[in-house]
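The values are calculated or read from the model by the stated rules, or taken from the named source; none is laboratory data. This is a predicted model, so every value here is computed, not measured. All Cβ positions, glycine included, derive from the backbone under ideal geometry; neighbour counts span all protein chains shown. Heavy atoms of the whole protein, side chains included, go into the accessibility calculation; ligands, DNA and RNA do not. Shrake-Rupley method; radii C 1.70, N 1.55, O 1.52, S 1.80 Å.
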Amino acid sequence: MALVSHEIDVAVVGAGLSGLAAARALAATGTSVTVLEARDRVGGRTLSQRVGDDIVDLGGQWIGPTQDEVAGLADELGVRTFPQHTRGKKLLMRGGQVVRYGGFLPRVPVLDRAELVVRLAQLERWARQVPLDAPGQARRAEAWDGQTVAQWMASVRREGARDLVAIATQMVFAAEPRDLSFLFFLRYLHGGGGLLRLTEVRGGAQERRFVEGAQALSLRMAAGLGPSVHTGVPVAAIEQDGRGVTVRTARGVVRARYAILAVPPALAAKIDLGAARTVARHRVEQGMPMGSVIKCIAVYPRAFWRDHGLSGEAVSTGDPVRATFDDSSHDGTQGALVAFVVGDAARAWSRRAPQERRAAVLADLVRLFGPAAGHPTAYVDHDWLAEPYSGGCYTGIMGPGLLAAHAEALRAPAGRVLFAGTESAGAWAGYFDGAISAGRRAAAEALERLRG
Ligand SMILES: Cc1cc2nc3c(=O)[nH]c(=O)nc-3n(C[C@H](O)[C@H](O)[C@H](O)COP(=O)(O)OP(=O)(O)OC[C@H]3O[C@@H](n4cnc5c(N)ncnc54)[C@H](O)[C@@H]3O)c2cc1C
């Protein structure tokens, strides 16, 4: 069906959490809005699917304390949450050896642990020195943006401490320490309340899950917006003139006064904005590739690891699995483990034969949780690198030399085109919460212009 040319107020590109939150905020004020989504579904980097008797998340999944935007939205929409299972010991697999531990920090030799504690405190202190909205104004911004996380890690003397910082970085960013500007890393840490909060379950970013899966947030927002949401409509170009924008898609053209681009910078780069794209914006889009993650879920008749005093949470230096969590249903009737393959490992395993990947992931789960882990009743995985409208995940990442100079380009309007998407957020950039706040901020910018 061809799209008709409307004369509407705002065209929103992208029906992820950010675009839908923007559209919902605009619609609530009586502003006319159309959402154009390339995929044949809404939700973007959230994707919930029934596996066995439960709905599992193949994309984003958890929320935690201080994420008030997403928690508030879930309440408004009646999407229920439940606590991530934590009872039992965690596991660390390092150099082929598996050890159990309790508390925050994995069990490594005492001197390694001592250095880790000092280094984590240093990271938390430095992260707080990076202003979220103007990271280039941090006193040491230039020096920090001139190096990678790997270069900073070279100053960490104890191998155990270095290994654990590497695992935390890989898990939080789905990227390698060498891929990340140290300034970008510190700003991201600041936005989420520090590395411990980002990696923890209790009191951290992995504290709660959604009973119906995280995609329910987008499905409910889209249902509320009704026929103004169009799926299967990739936007190719946005032209501007004195009165508005012309949004070009393969299915026709939409005329609006303003556009909100709620897609990650690496995907925005593929949309022709003509002369409106500034040099700084161009550099940011070219220099912010997506992280690399394959998310894998193995389902079992029951959560057998709980019987052995284990929580299901594990971290590993092995290949391919970097970390696991208990992913059982909220009522505990279906057992499941979720395993993350990230960074270099995700790039190596992306697009490999599904049965090969399954065998390698299950072999790691057996090393961690014993032979029963080798016999799931169902197994699914999702390779986000193979998704053309994500191009990787969880989020856009930056190497050295960009953020100090060009942070404002993540959200500075290009004429009548305003920018949303989690990458343009301050607090909780990269997360659901940042996506929603960025969508609402872009909606407020559009309203201000429409009323002005
Ligand atoms: C495996 C995985 C685990 C994650 N874990 C968590 C977690 O536990 N907690 C958390 O908070 N976050 C997590 N995240 C990150 C979180 O999912 C994202 O931050 C958030 O969903 C981003 O929302 P968004 O709307 O900014 O972007 P997106 O969801 O990417 O939405 C952008 C939309 O734009 C569309 N689009 C792209 N190009 C075009 C075009 N040319 N025309 C039209 N439409 C286009 C895309 O199809 C997409 O639907 C995870 C992500 C993944 C993949």
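Among residues of the range 309-322 that are over 15 Å from ARG94 (Cα atoms), those with a Cβ under 7 angstrom from a residue that is part of a strand (DSSP E or B) and open to solvent by less than 10 Å² (accessible area, probe 1.4 Å), sequence gap 6+ or separate chain, pair up as LEU310/LEU91; SER311/ASP326; GLY312/THR324; GLY312/ASP326; GLY312/LEU337.
I want to confirm something. Restricting to the range 347-372 and keeping residues that are more than 22 Å from GLY95 (Cβ to Cβ) and within 16 Å of the ligand (Cβ to nearest atom), which single residue is most open to solvent (accessible area, probe 1.4 Å)? Per the criteria, the residue is ARG347. What is the residue count in the range 109-131 for residues that are open to solvent by less than 40 Å² (accessible area, probe 1.4 Å) and either over 19 Å from VAL165 (Cβ atoms) or not in a helix (DSSP H, G or I) (or both)? Counting residues in the range 109-131 that are open to solvent by less than 40 Å² (accessible area, probe 1.4 Å) and either over 19 Å from VAL165 (Cβ atoms) or not in a helix (DSSP H, G or I) (or both) gives 1.
For the range 154-170, what are the residues that are of a type outside the set (A, V, I, L, M) and either touching a Leu at 6+ places or on another chain (Cβ under 6 Å) or part of a loop (DSSP other than H, G, I, E, B) (or both)? So that I can check it myself, show each step before the final result.
Going through the range 154-170, the residues of a type outside the set (A, V, I, L, M) turn out to be 155, 157-160, 162-163, 169-170.
If the condition is that a residue be of a type outside the set (A, V, I, L, M) and either touching a Leu at 6+ places or on another chain (Cβ under 6 Å) or part of a loop (DSSP other than H, G, I, E, B) (or both), then SER155, ARG157, ARG158 are the ones that fit.
Filtering the range 266-299 to residues that are closer than 30 Å to GLY374 by Cα and within 11 Å of the ligand (Cβ to nearest atom) leaves GLY291, SER292, VAL293, ILE294, LYS295, CYS296, ILE297.
Does ARG45 fit the bill of being crowded, with 24+ Cβ neighbours inside 10 Å, under 24 Å from the mean Cα position of the chain (by Cα) and of a type in the set (Lys, Arg)?
On the way: crowded, with 24+ Cβ neighbours inside 10 Å: yes; under 24 Å from the mean Cα position of the chain (by Cα): yes; of a type in the set (Lys, Arg): yes.
So ARG45 passes the test.
Cβ-Cβ distances below 6 Å connect the following pairs, each with a first residue in the range 232-245 that is on the phi < 0 side of the Ramachandran plot and touching a residue at least 60 places away in the same chain (Cβ under 8 Å), a second residue that is assigned to a loop (DSSP other than H, G, I, E, B) and not acidic (Asp, Glu), and a separation of six or more residues or different chains: VAL233/ARG251; PRO234/ALA38; VAL235/ILE271; ILE238/LEU273; GLN240/GLY415; GLN240/ARG416; VAL245/ARG416. Selection within the range 413-435: residues that are away from the ligand (no atom under 12 Å from the Cβ) and open to solvent by less than 40 Å² (accessible area, probe 1.4 Å). The member of this set that is farthest from VAL35 (Cα to Cα) is GLY426.
Looking only at strands (runs of 3 or more DSSP E) that lie completely in the range 1-103, which have at least 1 residues being within 16 Å of the ligand (Cβ to nearest atom), aliphatic (A, V, I, L, M) and closer than 30 Å to ASP319 by Cβ?
Numbers: elements: 7-13, 33-36, 48-51, 54-57, 81-83, 89-94, 97-101.
Hits in the range 1-103: 48-51, 54-57.
From the list ASP331, ASP344, the one residue that fits, being part of a helix (DSSP H, G or I) and surrounded by fewer than 23 Cβ atoms within 10 Å (Cβ to Cβ), is ASP344.
Taken over the range 283-328, residues that are in contact with a His (Cβ under 9 Å, 6 or more places away or on another chain), farther than 27 Å from GLU176 by Cα and either outside any strand (DSSP E or B) or open to solvent by 10 Å² or more (accessible area, probe 1.4 Å) (or both) amount to 3.
Residue-by-condition table, conditions (1) under 16 Å from the mean Cα position of the chain (by Cα); (2) more than 8 Å from the ligand (Cβ to nearest atom); (3) charged (D, E, K, R); (4) open to solvent by 10 Å² or more (accessible area, probe 1.4 Å):
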| site | (1), (2), (3), (4) |
| --- | --- |
| GLY399 | no, yes, no, yes |
| GLU408 | no, yes, yes, yes |
| SER437 | yes, yes, no, yes |
| ALA444 | no, yes, no, yes |
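Out of the residues in the range 160-176 that are in contact with a Phe, Trp or Tyr (Cβ under 8 Å, 6 or more places away or on another chain) and free of Cβ contacts under 8 Å to residues at least 40 places away in the same chain, state the one that is farthest from TRP126 (Cα to Cα).
Of all residues in the range 160-176, those in contact with a Phe, Trp or Tyr (Cβ under 8 Å, 6 or more places away or on another chain) come to 169, 171-174.
Now restrict to residues that are free of Cβ contacts under 8 Å to residues at least 40 places away in the same chain: 169, 172.
On the way: THR169: 16, VAL172: 18 Å.
Checking each candidate, the answer is VAL172.
Being in contact with a strand residue (DSSP E or B) (Cβ under 8 Å, 6 or more places away or on another chain) and in a loop (DSSP other than H, G, I, E, B) is the filter here; which residues of the range 376-400 pass it? Spell out the reasoning first.
If we filter the range 376-400 for residues that are in contact with a strand residue (DSSP E or B) (Cβ under 8 Å, 6 or more places away or on another chain), which is where we start, we get 376-385, 390-400.
Result: PRO376, THR377, SER390, GLY391, GLY392, CYS393, TYR394, THR395, ILE397, MET398, GLY399, PRO400.
Every condition in (1) open to solvent by 10 Å² or more (accessible area, probe 1.4 Å); (2) under 24 Å from LYS270 (Cα atoms); (3) more than 16 Å from the ligand (Cβ to nearest atom) holds for LEU403 except the one numbered (1).
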